[in-house]
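Here the structure comes first, spelled out in structure tokens, and everything after it is commentary.
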Amino acid sequence: MILRSLLVATALLAASAAPALAQDLGDTIAVPALRANVTVTSELVRIGDVIDNAGTAAQIAIYRAPDLGTTGAVATDRIVDAIRAHELIGIDTRGLSDVLVTRASRTIPVQEISSRIAQSLAGQYGFGDAHNILVTFDRDVRTLQVEPDAAGELQVLSIAYDPRTTRFDVTLGLPSSAEMRKQNTHYIGTAMATVDALTVDHPIERGQIIKASDVTVLRRPRADSNVVTDTDLVVGMQARHPLLPNQPLNTADLMKPEIVQRSDSVTIVYQVPGITLTLRGQAQEAGALGDTISVLNTESKRVVSGVVTGPDRINVGAITTRVVDNMVMQSQ
């Protein structure tokens, strides 16, 4: 009994002295030492994952790993207690209070899930380009986490779609992943064909000229036929009324910039081959380039119609001989 106690005491003394002895011998002895951060790929954490120089005990599992894609902190005391039964002694804990254990994973984001559903709908239900399908889920969808070595793309295991209600019911899968089968991959929601509608990215006042930097894109149902989709039809136009972000622009929201305002002094121009007459006038209404407006000849007090051809410039065309005669007399 005395001999046995002596042997145990000697072993404990040797274990406690192992780190210092290794230093004295020039690190010729590999001392088991705790790691501060660990990444594992399986569902079990083994001694060799958390301990350097674990020797033959390296493959022994001591507890379960965190969920895929997550990190957990494990107290040093808990690790040492779990290892003690496997006769690995003299562990250098390096002063660590805990060890961070991360379970590696392949992340499948929500956008990839949505895109896969859109691709399947486009192929089977004649939507056209999958990019133009807006997928909306009935409930919040979480990112999927699968094994880091799970290869391949998401597959559609089943799909149903009702064009009248725009509702879909889809189940996805990944044959190379056992973890995928443990997760909820059944999705329901709505899907509809959309277009890249244009809107403004900040409030625009009535009469303000719209610049390219004012315009952004949002997805709208393709059935909204009045929405503007061509930037060239927006930039340089004037806001007919106040415009707000996230509201799609339509043709009724825009107008050509008015370069003549009501009551402006303008130049009336009558031009035919060999004759060009100009008179001063007053605009009776506002007009954009190319608009036909009424203009008052301030000399004769006659009102004629003309086309806005530039700032403060109105061209009159087929007018009566009497008016022309008056213009000729006034120009002499």
key: Within the chain, longest stretch clear of exposed GluC sites (Glu not before Pro) (DSSP loop, no more than 16 other Cβ within 10 Å)   = 206-284
inquiry  = About the Cα centre, and with charges only on the beta carbon of Lys, Arg (+1) and Asp, Glu (-1), how big is the dipole of the range 41-92? Nearest 20 debye, please.
reply    = 100
ask   = Hey, what do the phi angles of the range 189-203 turn into as Karplus ³J(HN,Hα) couplings, whole Hz, using 6.51/-1.76/1.60 and θ = phi - 60°, x for Gly and Pro?
value = x, 10, 9, 8, 5, 10, 10, 7, 7, 9, 8, 9, 9, 7, x
query = At Ser294 and Thr276, where each label point lies 7 Å from the Cα along Cα→Cβ, what is the point-to-point distance in nanometres?
reply = 3.0
ask   = What longest range of the chain stays clear of loop-exposed trypsin sites (Lys or Arg not before Pro) (DSSP non-H/G/I/E/B, at most 14 other C-beta within 10 angstrom)?
value = 1-93
Hz values of 3J(HN,Hα) by residue in the range 64-78 - Karplus curve (6.51, -1.76, 1.60), Gly and Pro given as x = 6, 7, x, 4, 3, x, 10, 10, x, 9, 10, 5, 4, 4, 5
Using alpha-carbon coordinates, inclination of helix 321-331 to the longest axis of the chain, degrees = 90
task = Using θ = phi - 60° and the Karplus relation 6.51 cos²θ - 1.76 cosθ + 1.60, list the HN-Hα couplings for the range 228-236 in order, rounded to whole Hz, with x at every Gly or Pro.
result = 8, 10, 9, 4, 4, 7, 10, 5, x
ask   = Residues with amide H under 5 Å of Tyr63's amide H, sequence separation 5 or more or different chain, H placed in the peptide plane at 1.01 Å from N; which?
value = Val45
key: Listed residues Met180, Ile91, Thr194: farthest to the positive end of the dipole of the chain (Cβ charges)   = Thr194
Other-chain or far-sequence residues with amide H under 5 Å of Ser42's (modelled H) = none
note = For the chain, using Cα atoms only, the Rg and Dmax in Å read 40.0, 141
key: Separation between Cα centres of the range 237-290 and the range 161-236, rounded to whole Å   = 36
query = So for the chain, taking the charge dipole from beta-carbon charges (+1 Lys/Arg, -1 Asp/Glu), which of Ile210, Leu289, Leu279 sits furthest toward the positive end?
reply = Leu279
request  = Could you tell me whether the range 70-204 comes out rounded, prolate or oblate from its Cα gyration tensor? Rule is a ≥ b ≥ c as square roots of the eigenvalues, rounded for a/c under 1.5, then prolate if a/b exceeds b/c, otherwise oblate.
outcome  = prolate
query = Amide H of Ile259: which non-local residues (sequence gap of 5 or more, or other chain) have their own amide H closer than 5 Å, using H built in the peptide plane?
reply = Gly287, Ala288, Leu289
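Read-outs: derived from the displayed coordinates by stated rules, not from any lab. These numbers were taken from a predicted model, which means no experiment stands behind them. Please note: Cβ atoms are built from the backbone with ideal geometry, for glycine as well, and neighbour counts cover all protein chains shown.
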